[in-house]
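The values are calculated or read from the model by the stated rules, or taken from the named source; none is laboratory data. All of these numbers come straight from a predicted model, not from anything done at the bench. Positions of Cβ are backbone-derived with ideal geometry, glycine not excepted, and every protein chain shown enters the neighbour counts. Ligands, DNA and RNA are stripped out before the accessible areas are found, and what is left, the full protein with its side chains, is counted by its heavy atoms. Shrake-Rupley method; radii C 1.70, N 1.55, O 1.52, S 1.80 Å.
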Amino acid sequence: SFFFAMNQARYDALPAAVQDCIDAASGEALVAKFGAWWDAWDAPGRKDAEDRGNVITDLSEAERQRWRERLAPMVDAYLEQMKGEGVEDPAALYAKAQDLVATYAK
């Protein structure tokens with residue numbers, strides 16, 4: 001996970017032009033770049049692993065589904081915990097994250 005945090009009062013005290021710069025370089029604008037960046041960051045490690053004779057196995061869709069099913073109770077428990085901590089509709093947030101993964105995994 002990556003995130004940037006800033007005190008809301010401090011952000012609000014910044015000139016509008018500075019706020020605009022921060023907004024343009026963060027949030028969705030920044031998140032959209034992470035997929036390609038992450039792939040580039042992973043490439044040297046993957047190459048090194050393969051050069052050393054390691055086998056990288058891509059999961060079949062059936063195996064991936066089996067993992068999803070086995071992990072579902074843990075995910076559900078975590079979403080309930082988030083709800084208990086005051087997060088509004090964690091299931092919707094999780095669904096949105098899953099949609100984004102599907103979109104950017106292509």
Could you work out what % of the accessible surface of the chain is carbon and sulfur, using a 1.4 angstrom probe and leaving DNA, RNA and ligands out of the count? 58 percent
From the square roots a ≥ b ≥ c of the eigenvalues of the alpha-carbon gyration tensor of segment 42-85, which class results: rounded (a/c under 1.5), prolate (a/b over b/c), or oblate? oblate
With label points built 7 Å along Cα→Cβ from the Cα atoms of Leu30 and Arg66, find their separation and express it in nm. 3.9 nm
Answer label for Cα Rg over 2.2 N^0.38 Å (calculated), chosen among (1) 0.98; (2) 1.52; (3) 1.46: (3)
Helix 61-84 versus the longest principal axis of the chain: what angle, 0 to 90°, nearest 10, using Cα atoms? 30 degrees
Once Arg52 and Phe3 are pulled to full extension, the length gained, defined as 0.36 nm per residue separation minus their Cα-Cα distance, is 14.3 nm
